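Visitor: Here it is: the structure, laid out below.
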Amino acid sequence: MKTIITMLVLTVLGGAVSAQNIKLPAPKKSGGKALMDCLNERQTDRNFDSKQLSLQDLSDLVWAANGINRPESGKRTVPTATNWQEMVLYVATADGIYRYNAEKHELELVKKGDFRKECGPQPFMGVAPVCFIYTADHNKEGRITNPEHQKEYSYHHAGYMAQSVYLVCAAKNMATVVIGSVDKEELAKVIGLPAKHIVIYTQPVGYKKK
């Protein structure tokens, strides 16, 4: 009985993620470091600690990347052309790949297993505790219908998302880098993305290695 209780406690409290859906705490939307300080300190850092992210830090990061900041309209923290909102954020951890549900502010388990090394060829991909995967759902209808224009706009939108993550990392003194050298088609297969749903690039995130 004691063993079962201990396992239940570890499931609830142990680290930032488990192999189930992750209900995130509300993001902290006030306070913190000044925006101009964050811009001044924004930088690429590839020296990751393997320590798991706290649920609060993970919550703040995914919300900054593609969260809802105007619940009355469903609009996001980052802009998309004609409010297309075609961007879908996935999060890879040592336990699985999760899809960010902005409406519920929850990470939904898509696939169990550690696929962080499929998010890029660099050796630190397996060290950073979390890797964001920026994808675009071009099945979603909108005013942008030309396939080439859709792809171009989605790259812009992913850039806005990545910069928001960079600024949160600057505010929290965390490390991050955008990875463009990922095998996008292979990663799409790993996630199980449907046709016309494309991977743009990835972004590992973690605490700085001391």
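Visitor: Does Tyr166 satisfy the criteria of being within 15 Å of Cys131 (Cα to Cα), touching a residue at least 40 places away in the same chain (Cβ under 8 Å) and of a type in the set (Ser, Thr, Tyr)?
Guide: In short, yes.
Visitor: If we scan the stretch 113-125, do we find a residue that is touching a residue at least 40 places away in the same chain (Cβ under 8 Å) and small (Gly, Ala, Ser)?
Guide: Scanning the stretch 113-125, I find at least one residue that is touching a residue at least 40 places away in the same chain (Cβ under 8 Å) and small (Gly, Ala, Ser), so the answer is yes.
Visitor: Look through Gly126, Gly120 and report the one residue that is among the small types (Gly, Ala, Ser) and buried (at least 20 other Cβ atoms within 10 Å of the Cβ).
Guide: Every option except Gly120 fails the conditions.
Visitor: Can you pull out every residue in the stretch 96-117 that is surrounded by fewer than 20 Cβ atoms within 10 Å (Cβ to Cβ) and among the charged types (D, E, K, R)?
Guide: Result: Arg99, Glu103, Lys104, Glu106, Glu108, Lys111, Lys112, Asp114, Lys117.
Visitor: Here is a follow-up. Taking only the stretch 142-162 into account, find how many residues are free of Cβ contacts under 8 Å to residues at least 12 places away in the same chain and either in a helix (DSSP H, G or I) or closer than 23 Å to Arg116 by Cβ (or both).
Guide: 5
Visitor: For the stretch 163-181, what are the residues that are of a type in the set (Gly, Ala, Ser), within 15 Å of Arg46 (Cα to Cα) and in a helix (DSSP H, G or I)?
Guide: Answer for the stretch 163-181, where residues must be of a type in the set (Gly, Ala, Ser), within 15 Å of Arg46 (Cα to Cα) and in a helix (DSSP H, G or I): just Ala170.
Throughout, read-outs are computed from the coordinates displayed, never taken from laboratory work. Just so it is clear, the structure is predicted and the values come from calculations on it, not from any experiment. Glycine gets a Cβ as well: all are built from the backbone with ideal geometry, and neighbour counts include every protein chain shown.
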